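Some notes on the structure that comes next.
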Amino acid sequence: MRILVPSDFSANSLQALKFAAFLAEKIPVELTIINVFGHLTGTGTPSQNSSLYGGTALAKEDALKSLVSSICAAEEYSILRSIPVHYMAKCGLEEEVIIEEAAAGHFDLILMGTRGAGRNINQYWGSVSRKVSAKSSVPVLLMPMEYQFHNIKKIIFAQDFMDYNENELEYVVRFKRWLNAELIILHITEMEDYDNNVRTINYHKMRYVFGMKNENDHIQYEFIRGMNDKKKAVMGFVKSAKGDVLSLVKRKTHVDNEIEESLTLQIMQDAHIPLLVFNHAPNTNN
């Protein structure tokens, strides 16, 4: 698995790098660590850490190497010494460079730290992870700052069944196999479910067509009925089910500011566990 790990040398980006080491214990991993530097933010102030460790790309790459070396000193992260690790430093706008490099390099995953539960998602680095997860064609795994590392036993994939997300399903199933975890597909029932042929058809495709192809994975399905607050319902289920990773599909639309009110953004603000985010273009054939 080829993973792109953005780093701004902050504690929350370090959290993502540590989780990459955790994944490397489970599956073959090739890491590329990228630092993006040297531009002005929307407020006209220098980007976070843009002057740290020198201003050249070479200096930044050397700083990334030093960062990884310091992490490897701890036994639990020493596996980083034995896997391919590449270093990259680019000048530009963080979210744009990360998205472009992830797509151009055919990465399988972008692994990013976030400021975590209760933090302002629009603080600068939180804003970068928000924008990347909203626009990237490559899946994004977001690591909350306060996440405590432990074995991942249960993955919860929230679905609204408005599309048959087969590619995303295949990805999550592979992810759960790598980690030897359970997979629960969660749906929060709402008024739009009733007499909705699209959702009914996609549910049956997912449960029976996809399920038969992956019957050995023993995928579970859970429905929570009558909930008006989706975020509260999802997070309540995650807590009661003791979920270790939550996965969501961010549906692409023509409304540029929809992410501001999306379920994904709301959950990003409060999640205490890793959040795996996919962007999905609606299937117009449904």
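Peptides 9-19, 73-83, 200-210, 97-107: what's the order by average Cβ count within 10 Å, highest mean first? Each step should come with its number before you reach the end.
Numbers: 9-19: 19.7, 73-83: 12.7, 200-210: 15.7, 97-107: 17.7.
The packing order, highest mean first, is 9-19, 97-107, 200-210, 73-83.
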Quiz item: Do the alpha carbons of any pairs in Lys26/Lys154; Lys90/Lys176; Lys18/Lys213; Lys18/Lys230 sit beyond 23 Å of each other, and which pairs?
Solution: Lys90/Lys176; Lys18/Lys213; Lys18/Lys230
Practice problem: Give me the number: length gained by fully extending Ser78 to Glu100, i.e. 0.36 nm times residue separation minus the C-alpha to C-alpha distance, one decimal in nm. | Solution: 4.9 nm
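Rule-based calculations on the coordinates, nothing more; no lab input. These numbers were taken from a predicted model, which means no experiment stands behind them. Cβ atoms come from the backbone with ideal geometry, glycine included; neighbour counts cover every protein chain shown.
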